[in-house]
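Enquirer: Quick one: the structure is below, questions incoming.
The values are calculated or read from the model by the stated rules, or taken from the named source; none is laboratory data. Being a predicted model, the structure only gives us computed values, none of them experimental. Backbone-built Cβ (ideal geometry, glycine too); neighbour counts: all protein chains shown.
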Amino acid sequence: MSNRGLDGDGFLIPQVDDESVPFWEGTARGELLVQRCDSCATLRFPPRPMCHVCQSTQRGWAPMAGTGTIWSFVVPHPPLLEAYAALAPYNVILVELDEDPILRLVGNLVASPDGSIGEVDPATIGIGERVRAVFPEGPGGYHLPSWLRID
């Protein structure tokens, strides 16, 4: 098996391309950015070269509040990559951003800003819970969006 896309500890790292660089630069600053069409203002994620609404290739980036609602979640079960098996059980949540219900980001629900993906009991997660983004440093030095419950 090739180690392409894995860091030295066996964790997956993002495959960054020209379209996603501003997103990752934002997360490193603790900011959630989403691509926006400069022609029709449609927000889109993941980033891509052309707007799916008006087909414009003119694009920029818009800061988001970093808040949303848990739309769905899963609890991965073995077989898993070895690095992730050691953390199981853990959650993977899908968050609907407040700015647009079509915008959904994947991440982990954590209990603290620098928390581990396995620190929240998956049995305590509820669809519709309010969350906010945090950006701990993850595999490969990337700041992966994670999510904290909003009280």
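Enquirer: Which condition from (1) aliphatic (A, V, I, L, M); (2) in contact with a strand residue (DSSP E or B) (Cβ under 9 Å, 6 or more places away or on another chain); (3) over 25 Å from residue 23 (Cα atoms) is the one that residue 41 breaks?
Expert: (3)
Enquirer: In the stretch 33-62, how many residues are polar (S, T, N, Q) and touching a helix residue (DSSP H, G or I) at 6+ places or on another chain (Cβ under 9 Å)?
Expert: Final tally of qualifying residues: 1.
Enquirer: Test of understanding: among 73, 45, which residue is crowded, with 16+ Cβ neighbours inside 10 Å, touching a residue at least 60 places away in the same chain (Cβ under 8 Å) and more than 20 Å from residue 141 (Cα to Cα)?
Expert: 45
Enquirer: Would you confirm whether or not the stretch 55-63 contains a residue that is modelled with pLDDT under 95 and under 19 Å from residue 135 (Cβ atoms)?
Expert: no
Enquirer: Still on this structure, please answer the following. Of all residues being loosely packed, with under 14 Cβ neighbours inside 10 Å and within 14 Å of the chain's Cα centre (by Cα) in the stretch 1-20, which is modelled with the lowest pLDDT? Just the residue, please.
Expert: Of everything passing the filter in the stretch 1-20, 15 is modelled with the lowest pLDDT.
Enquirer: Output the residues belonging to the stretch 89-119 that are part of a loop (DSSP other than H, G, I, E, B) and buried (at least 16 other Cβ atoms within 10 Å of the Cβ).
Expert: 90, 91, 99, 103, 108, 110, 115, 117, 118
Enquirer: List the residue pairs whose Cβ atoms are under 9 Å apart, where the first residue sits in the stretch 105-121 and is under 25 Å from residue 20 (Cβ atoms) and among the acidic types (Asp, Glu), the second is modelled with pLDDT under 95 and surrounded by fewer than 14 Cβ atoms within 10 Å (Cβ to Cβ), and the two are 6 or more positions apart or on different chains.
Expert: Cβ pairs passing all conditions: 114/137.
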